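> Submitted below is the structure of interest, expressed as structure tokens.
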Amino acid sequence: MTEFWMELRPVDGYLVKADGVITEFDRKVITKLYQPLMGAASLSLYLSLLEEIEETRLWSKEKPHSQLLSALGLSLKAFF
């Protein structure tokens, strides 16, 4: 069976879609309540993806996974 991370290439693109506006209070709740449950790396990924979305839009621009992995300091395997 092939691992999922082996099918993804760093040049493959991704988009981020928000279902609504995330407030500063929401960010605090995520940080204080969910970080202990999901870990710092997962929270960093979430916040990084959240920053991809511009204030007045609900969709991000498409970017390659390599850019996200580089910003997070993760390998493709560690990402999964």
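> Looking at residue 55, is it within 12 Å of the chain's Cα centre (by Cα) and acidic (Asp, Glu)?
No: the conditions fail for residue 55.
> Yes or no: region 19-40 includes at least one residue that is under 11 Å from the mean Cα position of the chain (by Cα) and not charged (D, E, K, R).
So far as region 19-40 goes, no, none of its residues is under 11 Å from the mean Cα position of the chain (by Cα) and not charged (D, E, K, R).
> Among the residues of region 48-78 satisfying the criterion of being in contact with a Ser or Thr (Cβ under 7 Å, 6 or more places away or on another chain) and either free of Cβ contacts under 8 Å to residues at least 24 places away in the same chain or among the acidic types (Asp, Glu) (or both), which is farthest from residue 19 (Cα to Cα)?
Ranking the qualifying residues of region 48-78, first place goes to 71.
Each value in this text was obtained by applying a stated rule to the coordinates, not by laboratory testing. In this text, all values refer to a predicted model and were calculated from it rather than measured experimentally. All Cβ positions, even for glycine, are placed from backbone atoms using ideal geometry, and neighbour counts span all protein chains on display.
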